[in-house]
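Contents: one structure, followed by commentary.
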Amino acid sequence: MENSRDLALIIVFAVLGFVFMALVAQIPVFITGIPEIHYASLIIYSILQTVSWLMYEGRRWRIFAQGLLFTLLSLSFIPSWGPPAALATIINMLIVDVIFNSVYGFFKRKNLLILWAISVQVYYWTTHSLLILLILSSLLMYPFEAVLENWYIPIFSVMLPVMIIEAIVGAYIGYKIYRRVEKLAE
């Protein structure tokens, strides 16, 4: 019964993230032409991820499966979401699943799940762009300096504080939603 519940959660949250990206988060990219402007809507992704990742309760491979399904949906239907972002998402979800799920039990025993949620969201969103930079410079054979100067520093330096604040606020809101859902389930 637990596995079917988790499978349903994986599908629901991956599809919700995809629908949000397709219908809302891509609009600023199309209007402005700035590829990383979608980080301004990171708070919604952070809320969705926090709620779903807390609902998995530290069970292994759920976060990775959700990220994989989200990536497959995004690559199939959104042309602006290319292989570097897809690979960065998959790698980041795998790291989150392995490392952060390993310490989930400790945070739950100490009643510090809010701290776990905030730290995992801040980690995920600050490293996602760095992984895209590394993938662009290695897989696509762009010179590292060109990618760094023309893409990463101008966009990331402006967006990093926004991303951190949105990740913290989104994790907090997601944690509060999770607590309410948990109380309803009792």
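The values are calculated or read from the model by the stated rules, or taken from the named source; none is laboratory data. Predicted, not measured: the structure shown is a model, and the values here were computed from it. Methodologically, a virtual Cβ is constructed for each residue, glycine included, from the backbone with ideal geometry; neighbour enumeration extends over all protein chains shown.
Observations on the structure shown:
- Unique residue being at pLDDT 85 or above and either of a type in the set (S, T, N, Q) or in contact with a helix residue (DSSP H, G or I) (Cβ under 8 Å, 6 or more places away or on another chain) (or both) when the list is 94, 140, 133: 94
- Residues of the range 96-119 that are surrounded by fewer than 16 Cβ atoms within 10 Å (Cβ to Cβ) and within 21 Å of residue 65 (Cα to Cα): 98, 99, 102, 103, 105.
- Looking across the range 23-63, the residues that are farther than 27 Å from residue 100 by Cβ and either at pLDDT 95 or above or aliphatic (A, V, I, L, M) (or both) come down to 23, 27, 29, 31, 34, 37.
- Selection count, the range 49-68, where residues are surrounded by fewer than 21 Cβ atoms within 10 Å (Cβ to Cβ) and under 18 Å from residue 166 (Cβ atoms): 0
- Against the conditions (1) over 17 Å from residue 122 (Cβ atoms); (2) in a helix (DSSP H, G or I); (3) of a type outside the set (A, V, I, L, M, F, W, C), residue 111 satisfies every one except (2).
- Residue within the range 114-128 that is touching a Phe, Trp or Tyr at 6+ places or on another chain (Cβ under 6 Å), farther than 19 Å from residue 182 by Cβ, at pLDDT below 95 and in a helix (DSSP H, G or I) present: no
- Residue that is surrounded by the fewest Cβ atoms within 10 Å (Cβ to Cβ) [pool: residues in the range 8-48 that are touching a residue at least 12 places away in the same chain (Cβ under 8 Å) and not in a helix (DSSP H, G or I)]: 34
- Residue in the range 69-84 that is modelled with pLDDT of 95 or more, surrounded by fewer than 18 Cβ atoms within 10 Å (Cβ to Cβ) and in a helix (DSSP H, G or I) present: yes
- Picking from residues in the range 161-186 that are in contact with a Ser or Thr (Cβ under 9 Å, 6 or more places away or on another chain) and of a type in the set (Val, Ile, Thr), the one that is modelled with the lowest pLDDT is 164.
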